[in-house]
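Scroll down for the structure; my scribbles are underneath it.
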Amino acid sequence: MPDLSPDAWTAIALSFKVAAVATLWGVPVSTVLALILARGRFPGKALFDGLIHLPLVLPPVVTGYALLLLLGRKGLIGAFLDQHFGIVFAFRWTGAVVAAVVMSLPIIVRAIRLSIEAVDARLEQASGALGAGPFATFFLVTLPLSLPGILVGATLGFAKALGEFGATITFVSNIPGETRTIASAIYTASQSPEGDGEALLLSVIAACIGLAALVASEVIARWFRRASS
């Protein structure tokens, strides 16, 4: 089996960079959304929930195309950001981060929401009765008790972001050194008659990373269950 090319190593490094930044952005946003879904009571909650989880059931290419329409240079939001702030997402590694956040968000939200719902609401009520406001109650009671779900969600979200392909290649293309992640590097290698070996090696690496993330999430969950028992 051949060694990986420099471009392949660059793709792996870029994948970790994109996944790390996407996780750093995705976890706080997911925590807020999970709290709204777990504790909120408002009309249209089911629709709001469905919109958050929509990327799970849509073809990733559709999600990527929607991002292109919204955040591309001529998109509804992208044109404004480009003209007034010089911020461009399309065909940039930052756009790959956006795609990774959108695709991993439902997984992270689900894990954190379940963890928040497992928190005894009476503890939050007691905190309020003692004079703590909603924000203090969240940071002192809800957030610490939801930490297992947050860590599990972050781990799974990182793995999802690391392997994201469809939305990424549609939104930011497959530019070497800029937007070519490990998934698109596998696709590129598989299209070359001489790239089967590299595609296989990259696939094994991606599978090992994904398996490690799944094992890590299970270990984290078990550790917190034992610690709380």
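The values are calculated or read from the model by the stated rules, or taken from the named source; none is laboratory data. Computed from a predicted structure; not experimentally measured. Because the Cβ atoms are built from the backbone with ideal geometry, glycine has one as well, and the counts that use them run over all protein chains shown. SASA here: full protein model, heavy atoms, side chains in, ligands and nucleic acids out. Shrake-Rupley method; radii C 1.70, N 1.55, O 1.52, S 1.80 Å.
Summary of values
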| read-out | value |
| --- | --- |
| Which numbered condition A38 misses (of (1) out of contact with any Lys or Arg (no Cβ under 8 Å at 6 or more places or on another chain); (2) touching a residue at least 60 places away in the same chain (Cβ under 8 Å); (3) assigned to a helix (DSSP H, G or I)) | (1) |
| Selected residue (criterion: farthest from V152 (Cα to Cα)) from residues of region 189-222 that are without any contact (Cβ under 8 Å) to a residue 40 or more places away in the chain and open to solvent by less than 40 Å² (accessible area, probe 1.4 Å) | G195 |
| Search result, residues across region 106-119 that are open to solvent by 30 Å² or more (accessible area, probe 1.4 Å) and either in a helix (DSSP H, G or I) or under 14 Å from G157 (Cα atoms) (or both) | I107, R110, R113, L114, E117 |
| Residue that is on the phi < 0 side of the Ramachandran plot, touching a helix residue (DSSP H, G or I) at 6+ places or on another chain (Cβ under 9 Å) and not in a helix (DSSP H, G or I), where the choices are P148, P176, P193 | P176 |
| Which numbered condition A90 misses (of (1) buried (at least 17 other Cβ atoms within 10 Å of the Cβ); (2) among the small types (G, A, S); (3) more than 29 Å from P176 (Cα to Cα)) | (3) |
| Residue within region 129-139 that is part of a loop (DSSP other than H, G, I, E, B) and open to solvent by 40 Å² or more (accessible area, probe 1.4 Å) present | yes |
| Criterion violated by F42 - all others in (1) open to solvent by 70 Å² or more (accessible area, probe 1.4 Å); (2) within 20 Å of L162 (Cβ to Cβ) satisfied | (2) |
